[in-house]
Amino acid sequence: MVAARRPRALMLLAAVLLVAVPVAAATLHPVDYLALQAVRRALSDMPGSRFFASWDFTGDPCGFAGVSCSGDGRVVTLALGDPRAGAPGLSGALPAAALARLSELASLSLVPGRVSGELPPAVAALPSLRFLALAGNLLSGDLPATFSPMLRTVDLSKNSFSGRIPPSLLLIRSLRTLVLSHNSLSGEIPKLVSSPLVHLDLRNNRLTGGVPPLPATLVYLSLAGNRFSGRVGGVLRRLPRLSFLDLGGNWFSGEVPGEVFSFRISYLQLRKNAFSGELRPSGRVPAGATVDLSHNALSGRVPAELAPAAAVYLNGNKFAGQVPREIAAAAEGGRMRVLFLQDNFLTGIGVGGVPASAAVCAHMNCVAPPPPVVAACPAKGGRGRRRPPSQCGGRRR
C-alpha cells in the first residue's frame, strides 16, 4: 500500500513544483528579453498611468501587461499602454532599435500618448508583423519605404508624419485597413492601389491631385480635408460596397455619380467641394442615411430619392423648383430629422409643421419659408427670409 502511494506522492510533488516555481526569465529568448528591457528604459507612464507596474524583470516577461509570447519564447504581441478609453498613455522616445530586435513580433500597438521619434523600416518591415497601430502620439518624419508583406492593419493616424505615402504600402496583398489621417502627408495617392482594402482613411492631410482607381472591396473611404481636385465620379462608380464616404473639404468637381445614392451607404459626405450639375440618383438612398451635399454648385431639382434619409444637407447650392412632396412629408413626420435647404433658388418649400426634435431650414431661397420652418431652423442655420427678386429672376436651374 505504501508503494502504491509513492507514485501518487511523486506526481503531487511534481505538480506543486510546477505551480510554485515561476517560469524563469530565461525561457524568453535572450534577445527579446534585452529588447523588452530597452523598451522599459525608453518609455514612461504618463501621470495617472500604471501600465508598467507589472514590468518586474525578476519575473517572467511573458506575463507583463501587453506582452504575449509564443511557445518557443518569442514575443509575438506588444501592446504598449493602458487600452481603456481615456486612460493616460506613455511618454518618451520610440525605442525603434529595441523593437526591431523582436523578430517574431506579429502585433505592435501603442495607445495615444506623447511618444516621439520616427518609424524606421526595421520596425515597419518586421517579417511577421500583421498589426501596426501607433495612433495619437508625436511620431514624425517620413513614412518608411518598406513595410511587412504580412500586414493586415496599419493605423498611424494623429501623429506628425510628413512626406509622401510610400507606393509599397498600397501593394501589400494582405492589407485590409489603412488609417493615415490627421498627419501632414503631401503629394498624390500612389497610382497603383492593389491592396484589397476595406477601410481607407486619409483625411486631414495635405494630399493633392486626383484619386486613382481604388479597390472595389472598399466599405469605408475618407479623403476629407485635403487638397484633392478633379473629377472622381469614375472612381466612385466602381465602389459598390461603400457604406461610408467622406470627400468633404476638397476641390473635387464634375457631377456626383447617381450610382452612389443606391449603394448601401449610411453616410455620404461631399460638402465643400465644387461638384456641379444635376443630381440623378439611380435609386433611393438607404433608410436612415446621412446625405451632406452642402456648399457645392449643384443645380436642378431636389431629387425625391433622398426622402428615406434621416438627415439631408443641400444648403449652399443652386437647386431650383419645388421640394418634392415625399421629402416634405418625411420632414413633417419626423422620419427626416434634419433638412437644410437654405441658400438655394427654390420656389416652393411645401413643409408644414415639423416635430420639435426636427431641424428644417429653408431661408435665402426664392420664396419665404413657411412660419413652421422658420421656427424649426436652429440659430446656427441662420434666420434670413428670402432672396431679393433680382437674384431669383436670373437664377440658374
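Remarks
- When 330, 358, 375 are screened for being over 18 Å from residue 307 (Cα atoms) and of a type in the set (Gly, Ala, Ser), only 375 passes.
- Residues that are open to solvent by 10 Å² or more (accessible area, probe 1.4 Å) and not charged (D, E, K, R) were ranked within segment 318-332; the one that is farthest from the chain's Cα centre (by Cα) is 322.
- Residue 73 meets the stated requirement of being touching a His at 6+ places or on another chain (Cβ under 6 Å), farther than 22 Å from residue 179 by Cα and of a type in the set (Gly, Ala, Ser).
- Positions within segment 238-285 being touching a residue at least 40 places away in the same chain (Cβ under 8 Å), outside any strand (DSSP E or B) and within 17 Å of residue 341 (Cα to Cα), in sequence order: 271
- Members of segment 28-72 found to be small (Gly, Ala, Ser), buried (at least 18 other Cβ atoms within 10 Å of the Cβ) and either within 14 Å of residue 113 (Cβ to Cβ) or touching a strand residue (DSSP E or B) at 6+ places or on another chain (Cβ under 7 Å) (or both), listed by number: 42, 49, 66
- Residues of segment 359-372 that turn out to be assigned to a loop (DSSP other than H, G, I, E, B) and surrounded by fewer than 19 Cβ atoms within 10 Å (Cβ to Cβ), as a count: 3
- With respect to the conditions (1) at pLDDT below 90; (2) assigned by the TED database to the domain that holds residue 272, residue 396 falls short on a single one, namely (2).
- Taken as a whole, the structure leaves residue 308 outside the set of residues that are surrounded by fewer than 21 Cβ atoms within 10 Å (Cβ to Cβ), more than 22 Å from residue 265 (Cβ to Cβ) and out of contact with any helix residue (DSSP H, G or I) (no Cβ under 7 Å at 6 or more places or on another chain).
- Filter result for residue 274 (assigned by the TED database to the domain that holds residue 167, closer than 24 Å to residue 345 by Cα and modelled with pLDDT of 95 or more): yes
- Taking the listed residues 116, 157, 162, 168, the one that is under 19 Å from the mean Cα position of the chain (by Cα), open to solvent by 20 Å² or more (accessible area, probe 1.4 Å) and either of a type in the set (Ser, Thr, Tyr) or under 28 Å from residue 100 (Cα atoms) (or both) is 162, with no other qualifying.
- Verdict on residue 175 being over 28 Å from residue 299 (Cβ atoms) and either open to solvent by 10 Å² or more (accessible area, probe 1.4 Å) or at pLDDT 95 or above (or both): yes
- Residue-level analysis places residue 288 outside the set of residues that are small (Gly, Ala, Ser), open to solvent by less than 20 Å² (accessible area, probe 1.4 Å) and assigned to a loop (DSSP other than H, G, I, E, B).
- Taken as a whole, the structure leaves residue 338 outside the set of residues that are modelled with pLDDT under 95 and surrounded by 16 or more Cβ atoms within 10 Å (Cβ to Cβ).
- Those residues of segment 73-98 which are open to solvent by 40 Å² or more (accessible area, probe 1.4 Å) and basic (Lys, Arg), in sequence order: 84
The values are calculated or read from the model by the stated rules, or taken from the named source; none is laboratory data. Computed from a predicted model, the values in this text were never measured in an experiment. Virtual Cβ from ideal backbone geometry, glycine too; neighbours counted across all protein chains shown. Note: areas computed on protein heavy atoms with side chains; ligands, DNA, RNA excluded. Shrake-Rupley method; radii C 1.70, N 1.55, O 1.52, S 1.80 Å.
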